[in-house]
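Novice: Provided herewith is a single structure, encoded as structure tokens, for subsequent inquiry.
The values are calculated or read from the model by the stated rules, or taken from the named source; none is laboratory data. Please read all numbers here as calculations on a predicted model, not as lab measurements. Cβ placement follows ideal geometry from the backbone for every residue including glycine, while neighbour counts extend to all protein chains displayed.
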Amino acid sequence: MLKKIGLFLVIISTQHFVSMACDVCKRANERKMWINIGHGSGADNWTDFIWISLTLIIAVYTLFYSIKYLCKPGEQTPHHIKYSIFQ
């Protein structure tokens with residue numbers, strides 16, 4: 001269990017460096033709000049913000065329910081898949 005927690009912390013801590021923009025994208029980016037976030041020019045108009053918001057809502061919704069049903073699926077049989085994950 002300790003190895004899984006350590007691996008999880010290493011993956012989470014390295015994600016910050018992966019998501020940062022490169023030097024070329026920092027110079028080419030026109031919007032100050034998107035400079036260090038990612039590659040490319042970012043959102044161009046208000047419809048892009050709507051799509052980004054909808055995608056974020058769906059991702060958070062999916063993450064919440066996947067964690068919820070992984071931890072408490074409601075299944076009580078000893079051969080349920082959750083017992084092979086939590087061993």
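Novice: Restricting to region 66-85, name every residue that is closer than 19 Å to M1 by Cβ and of a type in the set (V, I, T).
Specialist: I67, I81, I85
Novice: Oh, and also: Given the condition among the basic types (K, R), at pLDDT 75 or above and surrounded by 10 or more Cβ atoms within 10 Å (Cβ to Cβ), answer yes or no: does some residue in region 30-40 qualify? Before the answer, list the steps.
Specialist: Going residue by residue through region 30-40, those that are among the basic types (K, R) are 31-32.
Filter once more, keeping what is at pLDDT 75 or above: none.
Within region 30-40, not a single residue is among the basic types (K, R), at pLDDT 75 or above and surrounded by 10 or more Cβ atoms within 10 Å (Cβ to Cβ).
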